[in-house]
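The values are calculated or read from the model by the stated rules, or taken from the named source; none is laboratory data. Owing to the predicted nature of the structure, the values given are computational and were not obtained by experimental measurement. Here the Cβ positions follow ideal geometry from the backbone for every residue, glycine too, while neighbour counts run over all protein chains shown. For the accessible areas, the whole protein counts, side chains as well, though only heavy atoms, and no ligand, DNA or RNA atoms are used. Shrake-Rupley method; radii C 1.70, N 1.55, O 1.52, S 1.80 Å.
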Amino acid sequence: PDAMVSAAIFWQELIAEMINGNGNCLDGQPFFGSHKANPAVVNSADFSNNLAGATELDEDGVIAGFDALQRIPAGNGQLANTSLTSPYILVPTQKLYRKALKLQQDGALLAKVFGANTAAAAESSSLQGEFEVILMPQLYNPAVSATGKRWYVGNRQGSKRRPFLVRNTARPRFEMDLSKKGSNNMVQVYMWAEGDVSFALPQTIVRATPA
């Protein structure tokens, strides 16, 4: 039923709206933008999780994205993403999803077709199996400029280091209205959920915007 589908994607919709809105982080700055590694420390290093310039979703762009992610400083002065233990690319459309998958899988496909042919292997991507590709279609909003082409690289290093928080204070639940069952042979189902979403650590994700 539609109500069950809505319940399954409810939090995704809220997260997508928040990402596109790019509201302020805990330090009072837009989440995708410039931040202090530790706002409580004078002269703390600056970093940005928004790639400057136009960055296409290609091999060079992906490498630039993960390189930027790995250079972000943590609050203690060390690197925040020394180990990219579970890297991912987040995209809003099928076009970008297939493009990212091709980058991730080209090496495997070419090796399967051409075997040890080094000339053919030279045409493959160096990114084979390096990241997970996540499609989040809720990110595309025609009313918000560039949402159909932006993509994101992130690192899930530990369960407590996330770019976004979901406070699920009451899991989605369903209520049935049987008041019209007798007259119209109809049963109405309502879905309820309680909670909210918020920005967390800007050090764990980088946004890229192609031309």
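Considering only residues in segment 149-172 that are open to solvent by 90 Å² or more (accessible area, probe 1.4 Å) and modelled with pLDDT under 70, the one that is nearest to the chain's Cα centre (by Cα) turns out to be 159.
Yes/no per residue for (1) more than 18 Å from the chain's Cα centre (by Cα); (2) open to solvent by less than 60 Å² (accessible area, probe 1.4 Å):
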| site | (1), (2) |
| --- | --- |
| 26 | yes, no |
| 30 | no, yes |
| 39 | yes, no |
| 64 | no, yes |
| 67 | no, no |
| 80 | no, yes |
| 85 | no, no |
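When the residues of segment 41-62 are filtered to those that are polar (S, T, N, Q) and open to solvent by less than 20 Å² (accessible area, probe 1.4 Å), the one that is nearest to residue 204 (Cα to Cα) is 49. Screening segment 92-148 for residues that are over 23 Å from residue 32 (Cα atoms), hydroxyl-bearing (Ser, Thr, Tyr) and outside any helix (DSSP H, G or I) and picking the one that is modelled with the highest pLDDT gives 126.
Among the residues of segment 32-55, those identified as touching a strand residue (DSSP E or B) at 6+ places or on another chain (Cβ under 8 Å), within 21 Å of residue 22 (Cα to Cα) and not β-branched (Val, Ile, Thr) are 32, 33, 34, 35, 36, 37, 46, 47, 48, 49, 50, 51.
Within segment 60-94, if we keep just the residues that are touching a residue at least 24 places away in the same chain (Cβ under 8 Å) and of a type in the set (Ser, Thr, Tyr), the residue that is nearest to residue 210 (Cα to Cα) turns out to be 93.
Every residue in segment 11-55 that is among the charged types (D, E, K, R) and either part of a loop (DSSP other than H, G, I, E, B) or under 13 Å from residue 72 (Cβ atoms) (or both), please. 27, 36, 46, listed by residue number.
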